1. Name the residue farthest towards the positive end of the dipole of the chain from the options Ile64, Ala32, Pro126, assuming +1 on Cβ of Lys and Arg, -1 on Cβ of Asp and Glu, about the Cα centre.
2. Residue by residue through the stretch 149-155, which ³J(HN,Hα) values in whole Hz follow from phi under the Karplus form 6.51 cos²θ - 1.76 cosθ + 1.60 (θ = phi - 60°), with glycine and proline marked x?
3. On a 1.4 Å probe surface of the protein chains, which of Cys89, Cys150 comes out largest in accessible area, and what is the full order?
4. Suppose all protein chains stay in the model; what accessible area per residue would a 1.4 Å probe give for the stretch 110-151, in Å²?
5. Using Cα pairs under 8 angstrom and six or more residues apart, how large is the relative contact order of the chain, in percent?
6. Calculate, in whole percent, how much of the Cα-Cα pair population of the chain lies beyond 29 Å.
7. Ignoring ligands, DNA and RNA, what percent of the accessible area of the chain is carbon or sulfur (1.4 Å)?
8. In percent, how large is the relative contact order of the stretch 1-65, given Cα pairs closer than 8 Å and 6 or more residues apart?
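The values are calculated or read from the model by the stated rules, or taken from the named source; none is laboratory data. Note that the structure is predicted; figures quoted are calculated from it, not measured. Neighbour counts run over all protein chains shown; Cβ positions are idealised from the backbone, glycine included. Heavy atoms of the whole protein, side chains included, go into the accessibility calculation; ligands, DNA and RNA do not. Shrake-Rupley method; radii C 1.70, N 1.55, O 1.52, S 1.80 Å.
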Amino acid sequence: MQNRMKTHQLTEKEMNQLLDNSMVGRLATVNAGNVPYVIPVHFAWHNQKVYIHGLTRGQKLDNIAANPNVCFEADQFETLIMPEISNPCDVNTQYQSVIITGTAKVIEDKTLKTEALDRIVEKYTPSLSGIEFEDALKMTAVIEITVKECTGKYYRA
């Protein structure tokens, strides 16, 4: 374990808050050539799972179909910590981050898919909450990440 993780771990409550409030996450999958693929995504954290929406076809879905093991990251940059010294190596960052490893699958169940999309709409466009998705359900894939491990760390001055 990294030294900073030993002394700067986020609590479960802090990790949940970061996942609830972070506007962009990063999903890492592995393609057929065993090459990592990372993509920024909008997401919702609900019932201790990550939900991501997107198109019904594409590399991330192909990768998940071939290998459901994923890594997900969300962070919050707060500020640069600028010391009195003029050495750039002494500059640090105040931040929080969460890293999740788990398994991903595409949700087929209409009720669960609608619930996940509702959480995403509530997070990003709350003024549109409650509107029925109609044809959007057919044109939208929803990925569910089941957490195997979740860790969070921070650094503050």
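1. Ala32
2. 8, 9, 10, x, 9, 8, 9
3. Values: Cys89 115, Cys150 45 Å².
Result of the area sort, largest leading: Cys89, Cys150.
4. 61 Å²
5. 30 percent
6. On the way: 3233 of 12246 pairs.
Of the Cα pairs, 26 percent sit more than 29 Å apart.
7. 52 percent
8. Working: 54 pairs, mean separation 16.6, N = 65.
Relative contact order here is 25 percent.
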